[in-house]
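Here the structure is laid out as structure tokens; the discussion comes afterwards.
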Amino acid sequence: MIQEHGGNIYGQSSSIIDFSANINPLGMPAKVKKAVMESIEKSDIYPDPECVSLRKSISDYEEVPYKKIVCGNGAADLIYRIVSALKPKEALITAPAFGEYRKALSEYGCKISEYLLYEDNDFIVDSKIVSCINDRTDIVFLCNPNNPTGRLIPCDVLEMIAKRCIETGTILVSDECFIGFTGKEETHSLKKFFNDNCIILKAFTKLFACAGLRAGYAVFGNSDLAEKVRGTGQYWSVSVPAQAVGIAAFQCDDFVKKTIEYICSERKYLEEQLTECGIRFFSSEANYILIKSFAGLDDMLLNSGIMIRNCGNYRGLSNVFYRIAVRTHSENLRLIETIKKIL
């Protein structure tokens, strides 16, 4: 069963365990939930189209000027708004990677080149990608850590890409929606090599378990570029509850630390168990793992009440690749027990 994205549980049994969406297994933190509930009382008025309070909170957290921040209806919304504002003619993306980069670029008639990531190289983005960026490349989309492989881009490679994009006048977009799970944001974020041509995408969706509320933001190296993107898309793109989510999320440092520890522990458990099962997996630093098994594993698991993400529609992969989220220990245990029964 191949779906465009994970998390499509509608039409499934209410008892289904969803390993297809990479949401924090610890759930929404109490401070965020409280903020959302309180915001309902203010939802009879239009949300602030400029997201002033939220952008100020982001500015303090990211330590970047307020004018260089744009908020959106999740990171996916911002991908389309960036493409809409810049209207690139030629783009470079990696494959496999999140499908919305290609979809957004295609809708605007952009010529797309792919830098293929190979299984025998563990799907790592290596330095050879730099030679694929030239004066005709208007924009580069990277996913760091990559979805669905969970691999972080090596720091030296990221630095080379950032420098090359300045040389060629190319906009570099780094999607870092999952970097909060890695515990390596300070060392592996594009922010370390930030310049005027850089854009970092982030979302509250995954880390703070609020996928249904849709809240994300972009940090720009250039305030003029940020203003250009801010002028695209719908006027009230971020709802009152979504803005409340973002503001409250920056008060949850302990929750984030707890999440990182939990994910690392449970991911290690899953990797050990997958090894015992004889299932190949690819080392991940995110809250999900890419595995390689046999066609039909997803349907067999679904019959047992477990949904995983078939990666057959990722360019560069096939229907023997699957992505599984790191969930609670009891859920991870059930996944492994079910896989063992199937095998």
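The values are calculated or read from the model by the stated rules, or taken from the named source; none is laboratory data. Keep in mind the model is a prediction, meaning the values are calculated, not measured. Every residue, glycine as well, gets a Cβ built from its backbone with ideal geometry; the counts of neighbours run over all protein chains shown.
Residue check, Lys128 against (1) farther than 30 Å from Phe208 by Cα; (2) of a type outside the set (Asp, Glu); (3) in contact with a strand residue (DSSP E or B) (Cβ under 7 Å, 6 or more places away or on another chain), all met but one. Which one?
Among (1) farther than 30 Å from Phe208 by Cα; (2) of a type outside the set (Asp, Glu); (3) in contact with a strand residue (DSSP E or B) (Cβ under 7 Å, 6 or more places away or on another chain), Lys128 violates only (3).
Which of the residues that make up segment 307-343 are surrounded by fewer than 21 Cβ atoms within 10 Å (Cβ to Cβ) and under 30 Å from Lys258 (Cα atoms)?
Thr328, His329, Ser330, Glu331, Leu333, Arg334, Ile336, Glu337, Thr338, Lys340 - these are the residues of segment 307-343 that are surrounded by fewer than 21 Cβ atoms within 10 Å (Cβ to Cβ) and under 30 Å from Lys258 (Cα atoms).
Based on this model, can you work out whether Ile336 counts as β-branched (Val, Ile, Thr) and either assigned by TED's automatic domain parsing to the domain that holds Ile179 or touching a strand residue (DSSP E or B) at 6+ places or on another chain (Cβ under 7 Å) (or both)?
No, not satisfied.
For Val219, indicate whether it is within 27 Å of Ser57 (Cα to Cα), in contact with a Lys or Arg (Cβ under 7 Å, 6 or more places away or on another chain) and surrounded by 20 or more Cβ atoms within 10 Å (Cβ to Cβ).
yes
Can you name the residue in segment 224-266 that is at pLDDT 95 or above and among the hydroxyl-bearing types (Ser, Thr, Tyr) and, of all such residues, is nearest to Ala75 (Cα to Cα)?
Per the stated criteria, the residue is Thr259.
Let me confirm something: among Ser53, Ser131, which residue is outside any loop (DSSP other than H, G, I, E, B), under 30 Å from Gln251 (Cβ atoms) and of a type in the set (S, T, N, Q)?
Result of the check over Ser53, Ser131: Ser53.
What's the number of the condition Gly296 fails, among (1) within 23 Å of Glu119 (Cα to Cα); (2) in contact (Cβ under 8 Å) with a residue 12 or more places away in the chain; (3) not aliphatic (A, V, I, L, M)?
Here Gly296 meets the rest and fails (2).
For segment 35-57, which positions are loosely packed, with under 12 Cβ neighbours inside 10 Å and hydroxyl-bearing (Ser, Thr, Tyr)?
Selection gives Tyr46 alone.
Exactly one of these conditions fails for Gly99: (1) under 24 Å from Arg151 (Cα atoms); (2) buried (at least 20 other Cβ atoms within 10 Å of the Cβ); (3) in contact with a Phe, Trp or Tyr (Cβ under 9 Å, 6 or more places away or on another chain). Give me its number.
(2)
Looking at (1) under 24 Å from Ser284 (Cβ atoms); (2) part of a helix (DSSP H, G or I); (3) of a type in the set (A, V, I, L, M, F, W, C), can you tell me which one Leu105 breaks?
It is condition (1) that Leu105 fails.
So Ala248 ticks every box in (1) hydrophobic (A, V, I, L, M, F, W, C); (2) touching a helix residue (DSSP H, G or I) at 6+ places or on another chain (Cβ under 6 Å); (3) under 22 Å from Arg81 (Cα atoms) but one. Which box is left unticked?
(3)
Given the condition crowded, with 24+ Cβ neighbours inside 10 Å, in contact (Cβ under 8 Å) with a residue 24 or more places away in the chain and not assigned by TED's automatic domain parsing to the domain that holds Glu331, answer yes or no: does some residue in segment 222-237 qualify?
No: segment 222-237 contains no residue that is crowded, with 24+ Cβ neighbours inside 10 Å, in contact (Cβ under 8 Å) with a residue 24 or more places away in the chain and not assigned by TED's automatic domain parsing to the domain that holds Glu331.
Quick check: is even one residue across segment 267-284 closer than 20 Å to Ser174 by Cβ and either touching a residue at least 24 places away in the same chain (Cβ under 8 Å) or of a type in the set (Lys, Arg) (or both)?
Yes, segment 267-284 has at least one match.
Would a scan of segment 181-188 turn up a residue that is touching a strand residue (DSSP E or B) at 6+ places or on another chain (Cβ under 8 Å) and not β-branched (Val, Ile, Thr)? Don't jump to the end; show me each part of the working.
Residues of segment 181-188 that are touching a strand residue (DSSP E or B) at 6+ places or on another chain (Cβ under 8 Å), as a first pass: none.
Checked segment 181-188: no residue is touching a strand residue (DSSP E or B) at 6+ places or on another chain (Cβ under 8 Å) and not β-branched (Val, Ile, Thr).
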